[in-house]
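These notes concern the structure reproduced below.
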Amino acid sequence: MRATGRSGERGGIFFRLVFLLFLACFAFVIYLARHPLMRLAGNFWVVDDGTAPADAIVILADDNYQGDRATRAAELLKAGWAPRIIASGRYLRPYASIAQLEQLDLIDRAVPANDIVLLTHRAENTHEEAEAIAQFVSAHGWKRILVVTSNYHTRRARYILARVLPAGTEVRLIPARDSEYDPNNWWRTRAGTKIFFREAGGMALAMWELRHQDPRTAKIGSTWPDLGGISELYRFGTTGH
């Protein structure tokens, strides 16, 4: 009996050692693969639907200091993808708005003032801004739009716009490079790290707020039923199927 007990104890120690060795090897593999995994995570937020002829180009609010979103929108206009740019932005003061700053950025990039349409609102987040854009494009009868935003913001913006824009609207998300967020090296800077985790939190909040709304838009030139596919993953997880 005593010998059997000692044998079982030795066997238990052996299996614990094997398990700990396995954990150590797994942690080592994760450590070696950390950079590719973080690059994959960083690029997850970036989507590019490509260009197609549209009624308007929309710049989402809160461009960075360099005006990278305005730069990308100006390139699209000059390439002939749309006849106008909608500069969207909230009021900063009763007499000044982010939309006006975007307008100045566009003019600085040789965009004719007549090709710029101001959309000033009081939206405090992407969801509220999408609702303001929805009312604006519906009032003008525009059905095909290109939306320019920072690279890290494209997936969340696409998810929200697909559920807020008027049914039948055709939309494409166009990423603008961002000097503060490199999807391949985001963890190397404080700004990049903050942006990454802010997007993760923002996406989770958007999925919760819009959990009962299905996509209503389509990708220009296709029958795109769901922008990004992430809602299907969410529904799968919440229904338990």
Can you tell me how many residues within segment 199-228 are closer than 28 Å to Thr51 by Cβ, at pLDDT 90 or above, surrounded by 13 or more Cβ atoms within 10 Å (Cβ to Cβ) and of a type in the set (D, E, K, R)?
1
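Let's see how each residue does on (1) over 28 Å from His35 (Cα atoms); (2) part of a loop (DSSP other than H, G, I, E, B):
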residue	(1), (2)
Arg172	yes, no
Pro183	no, yes
Thr193	no, no
Glu199	no, no
Can you work out which of the residues in segment 32-79 that are basic (Lys, Arg) and modelled with pLDDT of 95 or more is nearest to Tyr181 (Cα to Cα)?
Arg69
Kindly provide the set of residues from segment 82-102 that are under 21 Å from Ala139 (Cα atoms) and surrounded by 20 or more Cβ atoms within 10 Å (Cβ to Cβ), ordered by number.
Ala82, Ile85, Ile86, Ala87, Ser88, Gly89, Ala99
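The values are calculated or read from the model by the stated rules, or taken from the named source; none is laboratory data. Being a predicted model, the structure only gives us computed values, none of them experimental. As a convention, Cβ positions derive from the backbone with ideal geometry for all residues, glycine included, and neighbour counts pool all protein chains shown.
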